[in-house]
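Q: First, the structure itself, so that you have it in front of you.
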């Protein structure tokens with residue numbers, strides 16, 4: 001069964017450093033999502049891509065976060081500089097293109113700890 | 001706007017007990033409804049879903065029925081196992097707006 005891949009699984013960094021997370025969605029899935037999940041809460045959307053285009057980044061803190069999906073396949077989420085409050089699980093999900101209410105399939109996540 | 005409210009945890013049950021985790025939603029139109037499960041240190045796994053009113057989603061002994069009249073999608077299982085211990089998230093997808101509840105932690109004791 002196809003899965004969403006993410007790396008690294010764990011990342012420890014010091015505040016003010018830069019970090020990057022990578023996601024490879026299920027093959028053929030045109031829509032890719034990045035979520036942040038704070039401990040004890042549900043995931044919250046950071047950015048959504050349709051192919052290589054950003055369709056929703058309204059909740060992305062653009063002063064420090066950036067995301068790209070240059071070839072419409074895999075994606076990178078970057079934080080620079082990292083802050084203590086960025087400690088969380090970062091989840092990537094993907095879904096097929098055409099249906100608005102389609103299921104999203106999640107990767108294993110990257111757990112970030114900022115010291 | 002779209003939102004999901006689910007039963008606060010934690011929930012602790014003995015093995016073979018009956019499980020109910022309540023979930024209600026607010027949305028315009030007809031969202032799809034989901035239950036996801038998250039095991040420690042892992043991402044979310046789809047447990048079951050329903051896409052229209054009166055649909056029943058089921059998987060691994062869990063089931064939930066889409067009730068439009070009460071805007072609910074309660075998760076049930078007749079006999080829980082220790083391996084069911086995890087965090088359960090209710091979610092909706094309405095016009096590509098995905099919203100999650102805060103999660104309910106379930107612990108099943110032998």
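Q: When you go through B:101, B:78 one by one, which is the residue that is surrounded by fewer than 15 Cβ atoms within 10 Å (Cβ to Cβ) and touching a residue at least 24 places away in the same chain (Cβ under 8 Å)?
A: It is B:78.
Q: Counting only residues that are within 14 Å of another protein chain (Cβ to nearest Cβ), give me the strands (runs of 3 or more DSSP E) lying completely in segment B:13-110 with at least 1 of them.
A: Fully inside segment B:13-110 and qualifying: B:19-21, B:23-26, B:32-38, B:44-50, B:56-59, B:86-94, B:97-100, B:104-109.
Q: Would you confirm whether or not segment B:51-69 contains a residue that is closer than 27 Å to residue A:90 by Cα and surrounded by 21 or more Cβ atoms within 10 Å (Cβ to Cβ)?
A: No, segment B:51-69 contains no residue that is closer than 27 Å to residue A:90 by Cα and surrounded by 21 or more Cβ atoms within 10 Å (Cβ to Cβ).
Q: Separate question: Out of A:63, A:74, A:57, A:86, I need the residue that is touching a strand residue (DSSP E or B) at 6+ places or on another chain (Cβ under 7 Å), away from every other protein chain (no Cβ under 11 Å) and over 21 Å from residue B:96 (Cα atoms). Which one?
A: Details: A:63 fails: touching a strand residue (DSSP E or B) at 6+ places or on another chain (Cβ under 7 Å); A:74 fails: over 21 Å from residue B:96 (Cα atoms); A:57 fails: over 21 Å from residue B:96 (Cα atoms).
Selected residue: A:86, the only one of A:63, A:74, A:57, A:86 that is touching a strand residue (DSSP E or B) at 6+ places or on another chain (Cβ under 7 Å), away from every other protein chain (no Cβ under 11 Å) and over 21 Å from residue B:96 (Cα atoms).
Q: One residue is enough: does segment A:28-35 have a residue meeting the conditions in contact (Cβ under 8 Å) with a residue 40 or more places away in the chain, more than 10 Å from chain B (Cβ to nearest Cβ), surrounded by 20 or more Cβ atoms within 10 Å (Cβ to Cβ) and under 20 Å from residue A:80 (Cα atoms)?
A: yes
Q: Let me ask something else about it. Looking at residue A:107, is it within 14 Å of chain B (Cβ to nearest Cβ) and touching a strand residue (DSSP E or B) at 6+ places or on another chain (Cβ under 9 Å)? Reasoning before the result, please.
A: Working: within 14 Å of chain B (Cβ to nearest Cβ): yes; touching a strand residue (DSSP E or B) at 6+ places or on another chain (Cβ under 9 Å): yes.
Answer is yes for this residue.
Q: Of the residues A:48, A:59, only one is within 30 Å of residue B:7 (Cβ to Cβ), in a loop (DSSP other than H, G, I, E, B) and without any contact (Cβ under 8 Å) to a residue 24 or more places away in the chain; which?
A: Numbers: A:48 fails: in a loop (DSSP other than H, G, I, E, B).
Testing whether each residue is within 30 Å of residue B:7 (Cβ to Cβ), in a loop (DSSP other than H, G, I, E, B) and without any contact (Cβ under 8 Å) to a residue 24 or more places away in the chain leaves just A:59.
A short reminder: the numbers here are calculations on the coordinates, not readings from a lab. Remember, it's a predicted structure, so these values are computed and weren't measured experimentally. Heads up, the Cβs are rebuilt from the backbone with ideal geometry, glycines too, and the neighbour counts pull from every protein chain shown.
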